[in-house]
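One structure is given here, and the rest of the page talks about it.
The values are calculated or read from the model by the stated rules, or taken from the named source; none is laboratory data. Every value quoted in this text rests on a predicted model; they were computed, and no experiment measured them. Quick reminder, even Gly has a Cβ in these numbers, built from the backbone with ideal geometry, and neighbours come from all protein chains shown.
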Amino acid sequence: MSSNGGSLIIENGSLITSGQIIDDGMVAIHEGKIVYAGSRRPVDSAWFSNPPARETGAGSISINNNINRFDAGRGWICPGLLDVHLHGGGGADVMDASIEALHTIAKAHTRHGTTGFLAGTVTASHQELLPVAEVIRQAVAAGANSFASTPASSASSTTSTPDWQAAAVLGLHLEGPYLSYNRRGAHNAAHLRPPSKEELAELLAILGAHFRMITLAPELENALEIIPWLVQHDVTVSLGHSEAPYELALKAIAAGARHATHTYNGMNALHHRDPGLLTAVLLEDRLTAELIADGIHVHPAVLRLAWKLKGTERTCLVTDAIGAMGMPPGLYNLGGLEVEVVGNTCRLIEGGSLAGSVLGMDIAVKNMVEMVGVPLREAVYMATAVPARQMGLAHCKGALAPGMDGDICVLGQDLLCSATIIAGRPVYRAG
């Protein structure tokens with residue numbers, strides 16, 4: 001379904017971007033970047049000049065050179081959905097540590113409107129995590145090269161690297177091993193440990209700026225000292241899998257933590273005499289709260305409570321999807337632990353803890369609208385602009401505006417993904 005590398009006009013739909021809806025909208029993309037997004041209007045040749053003009057006149061002009069048109073089918077034209085927290089999909093797992101596995105995961109999530117994601121690890125030994133980091137580095141490069149208007153020489157890549165044409169791997173979310181034993185959830189207890197600057201430095205050496213997020217429990221030894229160091233290296237610190245008391249959570253926030261991993265899950269429940277991490281997450285404007293909106297991890301009424309307290313600006317939708325996403329129910333592996341998927345629920349065989357989800361980002365948006373009562377424009381914002389900001393990518397992703405990446409999710413009237421476009425190339429269309 002790839003375009004021929006020219007320009008693309010997406011039309012016949014309503015635009016949703018930056019919390020706004022533009023009826024009868026249109027997006028123009030040239031060489032992978034948005035050059036116009038707004039109300040439908042005559043095509044202007046200045047959009048497709050090199051470099052593309054940002055201010056254009058109103059005159060209609062005949063265009064017939066290398067411009068494709070994409071009919072959105074009267075759907076909702078949104079920025080590409082972004083997921084800062086997933087572990088797998090399509091039968092593959094990030095911990096498989098192969099470029100093929102990451103490509104399989106990317107294709108599975110592309111079908112749900114995701115155009116970029118952080119590859120999430122689970123708790124493992126440091127020696128197991130190093131090759132995962134290296135493969136993530138390769139996948140970031142593979143995706144960037146695949147969608148580049150002038151691809152880099154293939155001399156630096158291996159012959160097994162696939163032509164990506166799927167959601168981009170945008171970096172690493174290290175979820176584990178620096179987690180609380182009692183709040184570990186579906187993480188392997190054998191490899192839990194306090195944060196290590198030496199281990200983290202090795203991961204940074206491999207990934208550089210693509211080490212984008214880490215989940216840690218602030219009550220662990222060294223955690224409060226390591227948080228500012230991570231922030232200095234532009235890693236977003238997320239608090240989670242923790243039984244930290246409220247006062248300690250505030251210290252972690254003061255040290256630089258700015259995110260909370262799957263709010264409500266992996267932390268002590270709200271208690272009126274023992275507020276804990278959850279109260280800090282809900283009250284502190286410095287923290288953005290992840291929510292798994294599958295109706296299983298968190299009751300819709302409690303999702304609504306979080307949204308009411310955090311607001312749209314500080315609510316980040318995630319899937320926490322595992323390899324079973326997009327696959328039939330059955331038995332699957334997550335970090336060496338056996339998981340059974342029944343319907344849409346994933347649980348450890350031993351102990352019965354929830355073990356990720358089979359959620360897609362479009363379904364998360366749909367659920368927030370239909371289960372929780374969030375306006376569509378705000379639910380889309382939680383799945384686009386908010387995760388882009390939390391990854392440090394708000395300058396290029398998460399909105400429809402000139403100069404932004406040409407990544408689009410088209411939602412049908414049923415609010416499910418009907419098409420995914422990445423860098424101006426259609427890579428998925430339902431049906």
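Output the residues belonging to segment 307-336 that are of a type in the set (A, V, I, L, M, F, W, C) and closer than 23 Å to HIS187 by Cβ.
Within segment 307-336, CYS316, LEU317, VAL318, ALA321, ILE322, ALA324, MET325, MET327, LEU331, LEU334 qualify.
Residue-by-condition table, conditions (1) part of a helix (DSSP H, G or I); (2) out of contact with any Ser or Thr (no Cβ under 6 Å at 6 or more places or on another chain); (3) not small (Gly, Ala, Ser):
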site	(1), (2), (3)
LEU207	yes, yes, yes
MET213	no, no, yes
ASP234	no, yes, yes
VAL237	no, yes, yes
LEU250	yes, yes, yes
ILE253	yes, yes, yes
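Output the number of residues of segment 393-431 satisfying the condition of being among the small types (Gly, Ala, Ser) and on the phi > 0 side of the Ramachandran plot.
5
Looking at segment 379-431 only, could you name the residues that are within 17 Å of ASP71 (Cβ to Cβ) and of a type in the set (S, T, N, Q)?
Selection gives GLN413, SER418, THR420.
Restricting attention to segment 147-184, which residues are within 21 Å of LEU393 (Cβ to Cβ) and modelled with pLDDT under 75?
Listed by number, the residues that qualify are PHE147, ALA148, SER149, ALA152.
Conditions: (1) aliphatic (A, V, I, L, M); (2) surrounded by 15 or more Cβ atoms within 10 Å (Cβ to Cβ); (3) at pLDDT below 95; (4) more than 30 Å from ALA142 (Cβ to Cβ). LEU220 meets all but one. Number of the miss?
Every listed condition holds for LEU220 apart from (3).
Run down LEU192, LEU129 and say which single residue is over 16 Å from MET325 (Cβ atoms), buried (at least 19 other Cβ atoms within 10 Å of the Cβ), modelled with pLDDT of 95 or more and aliphatic (A, V, I, L, M).
The match here is LEU129.
Mind listing whichever residues of segment 70-104 are touching a residue at least 24 places away in the same chain (Cβ under 8 Å) and β-branched (Val, Ile, Thr)?
Those that are touching a residue at least 24 places away in the same chain (Cβ under 8 Å) and β-branched (Val, Ile, Thr): ILE77, VAL84, VAL94, ILE99.
Hey, among the residues in segment 326-365 that are in a strand (DSSP E or B) and in contact with a Cys (Cβ under 9 Å, 6 or more places away or on another chain), which one's surrounded by the fewest Cβ atoms within 10 Å (Cβ to Cβ)?
GLU340
Sort out which residues of segment 255-270 are surrounded by fewer than 21 Cβ atoms within 10 Å (Cβ to Cβ) and either polar (S, T, N, Q) or outside any helix (DSSP H, G or I) (or both), and write them in order of number.
GLY256, ARG258, ASN265, ASN268, ALA269, LEU270
For segment 6-47, give me each residue that is acidic (Asp, Glu) and part of a strand (DSSP E or B).
Hits for segment 6-47 are GLU11, ASP23, ASP24.
Across segment 98-130, what is the total count of residues that are in a helix (DSSP H, G or I) and over 25 Å from TYR181 (Cα atoms)?
Final tally of qualifying residues: 12.
Quick one: which strands (runs of 3 or more DSSP E) lie wholly within segment 382-431 and hold at least 1 residues that are surrounded by 20 or more Cβ atoms within 10 Å (Cβ to Cβ) and in contact with an Asp or Glu (Cβ under 8 Å, 6 or more places away or on another chain)?
Passing ranges, in order: 408-411, 417-422.
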